[in-house]
Amino acid sequence: MDGANISGVNNIMQSLNKLHHLKLVSLSNCSMNSINERLRDLNFASLTFMDIGSNMFDNINIPEWFFRIPNLRELHMKECGLTGTIPSSVRNASSLQFLDLSYNGGISGDMPRGFGDLCNLQSLYLDGTFMGKSLEDFKDAFSGCIKRNLNVLSFGVSSLQGPLPDWLCEFRNLAILDLSSNYFYSSIPTSIGRLSRLQELWLYRSALNGSIPESLGRLSGLQVLDLSDNNLNGCIPASIGRLSAHLANLTSLMFLTLNHLVLNISTDTIPGFQPFQIHLSYCHVGQKFPVWLANQVNLESLDISNARIKDSMPDWFWNITNNLYFLDLSNNEISGRLPQSLKCQTEEVNLGIFLSSNCFEGSVPYFPQNIYALDLSNNSLSGIIPPDLAYFGGTRPQLNSLSLSSNNLTGGIPNSLCNLVDLVLLDLSNNHLEGAIPNCWNNLTSLGYLIWANNSLAGEVPNSLISSSRSLEVLHLSNNQLYGEFPSFLKKCTFMTTLALDHNNLSGGIPNWVGKTMTSLMILTLKENKFTSNLPLLSNLTSLHFLDISHNLFVGGIPQSYGSLMGMINVNTNGGARFSSYTKEGLIIKIFVYTKGRELQFGVTLSSLKFIDLSANNLSGQIPKEMVNLVGLQNLDLSCNNLSGEIPEDIGRMQSLESLNLSRNELIGSIPLGLSTLHFLESLNLSYNNLSGKIPYASQLTTFNDPSIYANNLNLCGAPLDKNCASDEPPSASHDQENDDDEDGPTIWSYIGLMLGFVFGFWIVWGILLFKNKWRHIYFIFLDHTFDMMHVKIVVTIHRIKRALL
């Protein structure tokens with residue numbers, strides 16, 4: 001009943017228990033959320049197969065009655081949400097040959113010692129269970145007769161720790177050993193060579209270190225060897241590398257996956273194996289192209305990317321690719337001309353070809369209909385893109401990823417590319433393409449990543465891209481010669497994360513719907529166009545973390561809502577720029593960014609850069625005080641505008657700022673003291689304003705000793721400027737001379753002047769009071785009133801203090 005929805009049935013096992021002759025029960029993926037943990041009067045006497053996998057029970061323990069079914073041979077309980085320990089009744093399952101408990105992360109505790117008594121067990125899957133334990137914790141449980149017949153042990157993705165123990169090699173009949181995706185932090189034990197019947201060894205991504213033991217070469221029956229994504233180092237042992245003693249015995253190898261190793265296979269060596277898959281990514285195979293590959297006639301998948309090859313492509317290579325469905329030679333320095341057509345005899349499987357970052361020459365080759373990904377980027381291809389490149393005689397092409405970027409291609413974009421109706425990614429950037437963009441994209445409803453930057457394309461952005469509006473995530477058209485208004489079809493691009501239209505000739509205003517409908521935007525750059533009108537309101541773009549609309553003709557003030565952009569408030573959030581669905585290692589969007597006084601190209605790190613550049617426009621008004629709320633912002637450039645008012649007093653709250661440019665505006669007032677508390681600030685420019693007062697030369701600001709960052713602020717003073725502030729100026733020479741003269745001259749006249757002044761002032765006051773009767777009365781009344789008022793206040797205050805103390 002696999003796949004049947006029986007989520008509302010709670011007594012399914014009780015009902016099945018009444019069927020005495022039942023031999024097989026399969027209830028996988030049935031949306032069951034409960035099962036009987038206890039079952040009385042067990043009647044499953046004939047049952048040999050039970051599968052309840054891919055359900056999601058509500059944190060129940062493993063029902064112990066499963067292990068009391070007398071003739072049960074296979075028990076499948078994969079990914080069920082089981083928790084707790086394996087019950088001790090497992091020792092009773094003497095007939096059990098297959099047990100799958102994988103991906104039940106709640107299973108923990110100790111493995112019962114009776115587990116080792118399962119003498120007939122042949123296949124055991126414990127992946128994703130017993131999280132964080134050590135293999136040494138299972139030594140006793142695996143010490144019984146379970147060693148006798150076990151031929152499959154899979155214990156991957158369990159965060160296991162500690163070294164690989166030697167007792168694993170006591171399972172002499174083991175054919176498959178999977179310990180991948182763990183944290184052993186140890187070397188591969190030499191005892192591995194004692195597993196003489198081993199056919200598959202999976203140890204990838206397990207934090208292994210050290211070198212590969214020579215004893216591995218004794219596993220003559222080995223068909224699968226995957227040691228990739230570890231910290232293994234050094235050369236493949238000499239006896240293996242030259243195939244002189246041990247690897248020569250591995251004639252059964254069908255899948256070989258290694259990386260980050262030195263593979264010294266001599267040019268005159270012919271391996272005795274004929275694998276279907278050879279993956280040697282990041283291995284050092286030598287500067288010469290591996291000649292020993294010429295003998296490989298069964299190859300279906302070949303990856304020798306990042307292998308430090310600096311050689312020309314031999315002519316024989318394209319003869320061994322007829323059976324390939326995956327080819328990756330990227331990130332080497334392989335030269336030569338590509339064939340006119342990439343052929344593949346088989347049409348039953350999809351083909352992926354990755355030849356990027358080499359030195360290939362020639363024209364863009366024709367490709368077979370069944371190819372799904374073709375990456376020829378970063379080579380030296382030249383000529384035009386053939387106009388009939390994507391015609392397949394009426395059959396539907398399967399290509400969904402095409403990258404021809406960073407070559408020397410010329411001419412225009414052919415209309416035939418519009419026939420690639422399954423296309424998801426089209427990257428033609430960094431070439432010399434010119435002319436108008438064809439307006440024929442109506443049938444490409446899956447187009448997600450459109451990257452045509454750094455060419456000489458002209459004309460308007462075609463509205464036929466509206467068919468892709470629901471799937472389009474990246475539109476990168478930077479550095480072309482496009483003109484016209486802001487593309488209207490973008491209104492429906494609700495999933496777009498990156499919009500780069502910078503360095504073109506686009507004009508007009510930015511419609512208000514940008515901040516209302518394009519709510520997924522993370523990266524928006526419109527730099528160096530001719531956009532006018534007011535800045536767009538973007539408060540609904542909660543994921544926006546990169547905004548560059550500099551070098552345009554925008555007017556008006558900076559909206560207060562720019563201070564509420566959540567993508568720049570949250571310090572730890574990342575987004576945009578990196579996509580991994582349709583490329584081998586992930587698509588990286590690259591954009592040139594002017595920051596810290598220089599232009600840099602950002603790729604991977606663009607996803608975490610929090611950036612605002614509104615410079616070189618005609619903006620006016622004050623800097624909104626709400627901008628200081630952007631505590632995650634790293635770069636703020638408002639230079640070359642007409643901004644007025646003061647620098648926000650609370651700018652010290654923007655603790656993530658690394659670059660701040662407010663130059664060439666009309667700002668007034670003093671430099672806030674909080675600016676000196678921005679400890680990550682590396683670049684600062686406040687020149688050509690009307691700032692005044694003393695520079696708060698303290699803390700972080702003491703690292704900026706270049707006075708040009710404060711230039712043309714006539715009323716600024718203090719370090720690092722040469723202009724001292726008035727309070728800091730020493731007494732002048734003339735003033736000192738006067739003081740010296742006073743000290744040297746006689747002082748009698750000073751005393752005489754003081755005495756005459758005192759006498760004269762005294763008799764003016766008291767003489768008037770003596771002869772003016774009315775004034776005398778007023779004066780003494782004033783004194784009496786003052787005395788009474790002070791007396792009352794003293795008494796009241798004393799009374800209040802006494803009450804407070806009581």
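The values are calculated or read from the model by the stated rules, or taken from the named source; none is laboratory data. Since this is a predicted model, take the numbers as computed values, not measurements. Every residue, glycine among them, receives a Cβ derived from its backbone with ideal geometry; neighbour counts consider all protein chains shown.
Restricting attention to region 214-226, does a residue exist that is closer than 20 Å to H260 by Cβ, of a type in the set (D, E) and under 31 Å from the mean Cα position of the chain (by Cα)?
Within region 214-226 (the criterion being closer than 20 Å to H260 by Cβ, of a type in the set (D, E) and under 31 Å from the mean Cα position of the chain (by Cα)), the answer is yes, since at least one residue qualifies.
Every residue, every condition in (1) within 21 Å of L447 (Cα to Cα); (2) crowded, with 21+ Cβ neighbours inside 10 Å; (3) of a type in the set (A, V, I, L, M), yes or no:
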| site | (1), (2), (3) |
| --- | --- |
| S330 | no, yes, no |
| G352 | yes, no, no |
| Y366 | no, no, no |
| G383 | no, no, no |
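Would you point out which residue out of Y697, Y710 is more than 23 Å from G556 (Cβ to Cβ), crowded, with 18+ Cβ neighbours inside 10 Å, more than 36 Å from the chain's Cα centre (by Cα) and hydroxyl-bearing (S, T, Y)?
Result of the check over Y697, Y710: Y710.
Check L342, L402 and return the single one that is buried (at least 21 other Cβ atoms within 10 Å of the Cβ), under 28 Å from P290 (Cα atoms), at pLDDT below 95 and hydrophobic (A, V, I, L, M, F, W, C).
Checking each option against the conditions leaves just L402.
Yes or no, residue by residue, for (1) farther than 21 Å from F98 by Cα; (2) in contact with a strand residue (DSSP E or B) (Cβ under 9 Å, 6 or more places away or on another chain):
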{"residue": "A4", "(1), (2)": "yes, no"}
{"residue": "I12", "(1), (2)": "yes, no"}
{"residue": "K18", "(1), (2)": "yes, no"}
{"residue": "N29", "(1), (2)": "no, no"}
{"residue": "N33", "(1), (2)": "yes, no"}
{"residue": "D41", "(1), (2)": "yes, no"}
{"residue": "F44", "(1), (2)": "no, yes"}
{"residue": "F49", "(1), (2)": "no, yes"}
{"residue": "G53", "(1), (2)": "no, yes"}
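Identify all residues within region 520-546 that are touching an Asp or Glu at 6+ places or on another chain (Cβ under 7 Å) and in contact (Cβ under 8 Å) with a residue 40 or more places away in the chain; write none if there are none.
If the condition is that a residue be touching an Asp or Glu at 6+ places or on another chain (Cβ under 7 Å) and in contact (Cβ under 8 Å) with a residue 40 or more places away in the chain, then T525, K527 are the ones that fit.
Name the residue, out of N480, N408, that is in contact with a Leu (Cβ under 7 Å, 6 or more places away or on another chain), modelled with pLDDT of 95 or more, surrounded by fewer than 18 Cβ atoms within 10 Å (Cβ to Cβ) and of a type outside the set (A, V, I, L, M).
Exactly one of N480, N408 is in contact with a Leu (Cβ under 7 Å, 6 or more places away or on another chain), modelled with pLDDT of 95 or more, surrounded by fewer than 18 Cβ atoms within 10 Å (Cβ to Cβ) and of a type outside the set (A, V, I, L, M), namely N408.
If you go through region 314-339 one residue at a time, how many are modelled with pLDDT of 90 or more, in a loop (DSSP other than H, G, I, E, B) and within 35 Å of the chain's Cα centre (by Cα)?
Total satisfying the criteria: 7.
For region 295-313, enumerate the residues that are outside any loop (DSSP other than H, G, I, E, B) and in contact with a Gly (Cβ under 8 Å, 6 or more places away or on another chain). Don't jump to the end; show me each part of the working.
The initial filter retains those residues of region 295-313 that are outside any loop (DSSP other than H, G, I, E, B), namely 295, 301-303, 312.
The answer is S312, and nothing else.
Of the residues that make up region 73-82, is at least one more than 22 Å from V152 (Cα to Cα) and over 39 Å from the mean Cα position of the chain (by Cα)?
Taking every residue of region 73-82 in turn, none turns out to be more than 22 Å from V152 (Cα to Cα) and over 39 Å from the mean Cα position of the chain (by Cα).
What residue, of I146, I188, is free of Cβ contacts under 8 Å to residues at least 60 places away in the same chain, touching a Gly at 6+ places or on another chain (Cβ under 9 Å) and outside any loop (DSSP other than H, G, I, E, B)?
I146
Quick one: which of G669, G674, G632, G621 is crowded, with 16+ Cβ neighbours inside 10 Å and over 15 Å from G563 (Cα atoms)?
Working: G669 fails: crowded, with 16+ Cβ neighbours inside 10 Å; G632 fails: over 15 Å from G563 (Cα atoms); G621 fails: crowded, with 16+ Cβ neighbours inside 10 Å.
After applying the criteria, what remains is G674.
Do we find that N439 is part of a loop (DSSP other than H, G, I, E, B), over 30 Å from the mean Cα position of the chain (by Cα) and of a type outside the set (D, E) in this structure?
Judged against the criteria, N439 is a match.
Within region 690-744, restricting attention to residues that are among the charged types (D, E, K, R) and in a loop (DSSP other than H, G, I, E, B), which residue is modelled with the highest pLDDT?
Residue satisfying both the conditions and the ranking: D706.
Got a number for residues in region 118-152 being farther than 15 Å from L96 by Cβ and among the aliphatic types (A, V, I, L, M)?
Number satisfying all stated conditions: 2.
Restricting to region 504-526, and then to whatever is within 15 Å of N454 (Cα to Cα) and modelled with pLDDT of 95 or more, can you tell me which residue is surrounded by the most Cβ atoms within 10 Å (Cβ to Cβ)?
Pass one, region 504-526, residues within 15 Å of N454 (Cα to Cα): 504-505, 525-526.
Retained after the next criterion (residues that are modelled with pLDDT of 95 or more): 504-505, 526.
Numbers: N504: 22, N505: 13, L526: 25.
Across region 504-526, the extreme among qualifying residues is L526.
Report, ordered by the first and then the second residue, all pairs with beta carbons closer than 8 Å, sequence separation of six or more or different chains, a first member in region 215-229 that is touching a residue at least 12 places away in the same chain (Cβ under 8 Å), and a second member that is basic (K, R) and assigned to a loop (DSSP other than H, G, I, E, B).
From region 215-229, the pairs are G221/R197; S228/R205; D229/R205.
Could you say which residue among L444, L457, L482, L490 is outside any helix (DSSP H, G or I) and in contact with a Ser or Thr (Cβ under 8 Å, 6 or more places away or on another chain)? Show your work before the answer.
Numbers: L457 fails: in contact with a Ser or Thr (Cβ under 8 Å, 6 or more places away or on another chain); L482 fails: in contact with a Ser or Thr (Cβ under 8 Å, 6 or more places away or on another chain); L490 fails: outside any helix (DSSP H, G or I).
Matching residue, one of L444, L457, L482, L490: L444.
Which condition breaks for N59 when tested against (1) touching a residue at least 40 places away in the same chain (Cβ under 8 Å); (2) surrounded by fewer than 20 Cβ atoms within 10 Å (Cβ to Cβ); (3) under 21 Å from D2 (Cα atoms)?
N59 satisfies all of (1) touching a residue at least 40 places away in the same chain (Cβ under 8 Å); (2) surrounded by fewer than 20 Cβ atoms within 10 Å (Cβ to Cβ); (3) under 21 Å from D2 (Cα atoms) except (3).
Just one of (1) modelled with pLDDT of 90 or more; (2) out of contact with any strand residue (DSSP E or B) (no Cβ under 7 Å at 6 or more places or on another chain) trips up I69, so point out which.
Every listed condition holds for I69 apart from (1).
Consider region 673-694. How many of its residues are among the hydroxyl-bearing types (S, T, Y) and within 33 Å of the chain's Cα centre (by Cα)?
Counting residues in region 673-694 that are among the hydroxyl-bearing types (S, T, Y) and within 33 Å of the chain's Cα centre (by Cα) gives 3.
Checking E136 against (1) surrounded by fewer than 18 Cβ atoms within 10 Å (Cβ to Cβ); (2) of a type outside the set (A, V, I, L, M, F, W, C); (3) outside any helix (DSSP H, G or I); (4) modelled with pLDDT of 90 or more, which single condition isn't satisfied?
(3)
Quick one: N552 ticks every box in (1) touching a residue at least 60 places away in the same chain (Cβ under 8 Å); (2) under 30 Å from the mean Cα position of the chain (by Cα); (3) crowded, with 22+ Cβ neighbours inside 10 Å except a single one, so which number is it?
(2)
Hey, N534 hits all of (1) closer than 17 Å to L614 by Cα; (2) surrounded by 17 or more Cβ atoms within 10 Å (Cβ to Cβ) but one; which does it fall short on?
Of the numbered conditions (1) closer than 17 Å to L614 by Cα; (2) surrounded by 17 or more Cβ atoms within 10 Å (Cβ to Cβ), the odd one out for N534 is (2).
Mind checking whether some residue in region 399-422 is in contact with a His (Cβ under 9 Å, 6 or more places away or on another chain), under 19 Å from E473 (Cβ atoms) and assigned to a strand (DSSP E or B)?
No.
Might you check whether a residue that is surrounded by 15 or more Cβ atoms within 10 Å (Cβ to Cβ) and under 30 Å from L472 (Cβ atoms) occurs anywhere in region 299-315?
Taking every residue of region 299-315 in turn, at least one turns out to be surrounded by 15 or more Cβ atoms within 10 Å (Cβ to Cβ) and under 30 Å from L472 (Cβ atoms).
Are any of the residues in region 293-302 closer than 30 Å to N454 by Cα and not β-branched (V, I, T)? Quick ask: steps written out before the conclusion?
To start, the set of residues in region 293-302 that are closer than 30 Å to N454 by Cα comprises none.
No, region 293-302 has no match at all.
Restricting the first residue to region 483-500 and requiring it to be closer than 17 Å to S468 by Cα, which pairs with a second residue that is among the acidic types (D, E) meet a Cβ separation below 6 Å and a spacing of at least six or different chains?
Correct list of pairs: F495/E473; M496/E473; T497/E473.
List the residue pairs whose Cβ atoms are under 9 Å apart, where the first residue sits in region 1-13 and is in contact (Cβ under 8 Å) with a residue 40 or more places away in the chain and farther than 13 Å from L39 by Cα, the second is of a type outside the set (F, W, Y) and surrounded by 11 or more Cβ atoms within 10 Å (Cβ to Cβ), and the two are 6 or more positions apart or on different chains.
Note: pairs meeting the criteria are D2/S26; D2/L27; D2/S28; D2/N29; D2/C30; D2/D51; D2/S54.
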